[in-house]
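A short write-up of the structure that comes next.
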Amino acid sequence: MKRDEIVRRDKAHVWHPYTAMDAWAAGDPIVVGWAEGARLYEPEGRAYLDGNASWWTAALGHGHPRLLRALREQAERFAHVALAGITHEPAAALASELVAIAPAGLKHVFYTDNGSTAIEAAIKACVQSWAQSGAPKKNRFVALEGAFHGDTIGAASLGGVEVFRRPFGSVLFDVVRVPSPAPGEDEGDAYLRAFDELHTIVEKTADTIAAVFVEPVVQGAAGMRVYDPTYLHALRGLCDRHDVLLVFDEVFTGYGRTGPMWAATRAGVAPDVMCIGKAFCPILPMGAMIASERVERAFRGARDRAFLYGHTFCGNPLGAAIAREVLAVYRDEDVLGQVAKKAPAIERAFARIAEIPGVARVRSIGMVGAADLSRDAGYLEQKGWKVWEAARARGAYLRPLGDTVYVTPPLTISDGDLDQLLAILEESVRVTMADR
Ligand SMILES: *Cc1c(COP(=O)(O)O)cnc(C)c1O
């Protein structure tokens, strides 16, 4: 199909996520014909560096031959069966391989369809496990300001990014909202004050709290807000003292995005439940909740104690086979070692961007770098979109979060491509900020 025809049919019938459709109708979209490594290609050949690894999924780049082979080989055996009353090698082997590398104590893998449903599973597992452990009153959740845990109703209820909540506020359930540990303007020790407030609330109301949900170390969708892992260490202690479950949402931060395999490692703590998605299975929708022995044990016994939860495609063999191969590639290509070598280039680039007049603040960690182009850097601000246009003209796809521009490239991006991506970003920020 010709490019024009694709665009015509799209504009007539495709409703895009997180997209103002009038602006979309007026614009000229990127049309991807194929993708390889860190690049997306238009059908007629124009290339874009994939600055956000396609919404944080393509940690191993596009078209990795080993993932495609795993997909092909599994598809030839069988592509899908239910996971109720049935098992298969991809699901069983993947679970054991995940548990072997997960933070200590996480032993039971519950497969879901994506990140949001991994969070939904965690919400329900926490509630039901307390109900079946003699503490049915523990049914409320603590979540952070600026949290993002996905877009289904439960996950969105935990969410603390105000613009994303606003349209649905009337149907979301109440959570106990606590301050973000991520520093704002001139407050390097924000995590201390944030922890004090959390501490007070948990101390008073622990008997009604099922769990605390956090994105460890980086609040992604809030604008790549990085905070001190000491907070997580203190939080683990608090949850232990007051018998509250701790859930880490590693959907974004997992798989080496911040350096180590799990952001939890940066704090040296393990949660009771961990949710994963995105880079876990980079080419098919798949997520998982991994629970501790204690959480899972609450579901043992009589039949009516079972976790009454499941998605049609959970444990899909294609996704599981790919996810196993992802783990093998991480080992064989020393992906985490590559991150350690490349992260300093991101840090240096953002240190330069910080010097551009008008840039409010920057931060970087592992394969994440972000800059706020205004003090509030709200999601509906427009400067980030000017950077997006400037970067597109220079050959990079850099979708902003309002006035926060960021890179989260494939972890395996070559040094040359990374330098080029960072140069395009820096130049695009420069021309945007000069044009005020
Ligand atoms: C993307 C994301 C989710 C939701 O994952 P989906 O696959 O989009 O449902 C949940 N938590 C975090 C931290 C995320 O970044």
Determine whether region 56-67 contains at least one residue that is within 16 Å of the ligand (Cβ to nearest atom), out of contact with any Gly (no Cβ under 9 Å at 6 or more places or on another chain) and among the hydrophobic types (A, V, I, L, M, F, W, C). yes
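Quick check on my filter: what residues within region 262-281 are surrounded by fewer than 24 Cβ atoms within 10 Å (Cβ to Cβ) and either in contact with a strand residue (DSSP E or B) (Cβ under 6 Å, 6 or more places away or on another chain) or in a loop (DSSP other than H, G, I, E, B) (or both)?
G268, V269, A270
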For region 204-243, how many residues are within 15 Å of the ligand (Cβ to nearest atom) and part of a loop (DSSP other than H, G, I, E, B)? 9
Which pairs turn up if I take residues in region 262-291 that are without any contact (Cβ under 8 Å) to a residue 60 or more places away in the chain and look for partners that are among the charged types (D, E, K, R) and surrounded by fewer than 24 Cβ atoms within 10 Å (Cβ to Cβ) with beta carbon separation below 8 Å, at least 6 apart in sequence or on another chain? A267/R236
When residues of region 387-421 are filtered for being touching a Pro at 6+ places or on another chain (Cβ under 9 Å) and in a helix (DSSP H, G or I), how many remain? 5
Can you find a residue in region 307-322 that is within 16 Å of the ligand (Cβ to nearest atom), of a type in the set (A, V, I, L, M, F, W, C), within 15 Å of M261 (Cα to Cα) and surrounded by 22 or more Cβ atoms within 10 Å (Cβ to Cβ)? no
Please work out if T432 is closer than 20 Å to E347 by Cα and among the polar types (S, T, N, Q). no
Got a number for residues in region 370-380 being free of Cβ contacts under 8 Å to residues at least 60 places away in the same chain and under 22 Å from the mean Cα position of the chain (by Cα)? 1
Y191 is checked against (1) at pLDDT 95 or above; (2) within 23 Å of M367 (Cα to Cα) and fails just one. What number does that condition carry? (1)
Check whether at least one residue in region 360-379 is modelled with pLDDT under 95 and within 16 Å of the ligand (Cβ to nearest atom), and report yes or no. yes
Top-ranked residue of region 155-167 - restricted to ones that are assigned to a helix (DSSP H, G or I) and within 15 Å of the ligand (Cβ to nearest atom), ranked as farthest from K124 (Cα to Cα): F164
Report yes if some residue within region 282-291 is more than 16 Å from the ligand (Cβ to nearest atom) and modelled with pLDDT of 95 or more; otherwise report no. yes
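Go through the residues of region 141-154 one by one and say whether even a single one is more than 23 Å from Y231 (Cβ to Cβ), in a helix (DSSP H, G or I) and within 15 Å of the ligand (Cβ to nearest atom).
yes
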Could you please find all residues in region 244-261 being of a type in the set (S, T, Y) and more than 8 Å from the ligand (Cβ to nearest atom)? Y255, T258
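The values are calculated or read from the model by the stated rules, or taken from the named source; none is laboratory data. Keep in mind that this is a model prediction, so the values were computed, not measured. We place every Cβ from the backbone using ideal geometry, glycine too, and count neighbours over all the protein chains shown.
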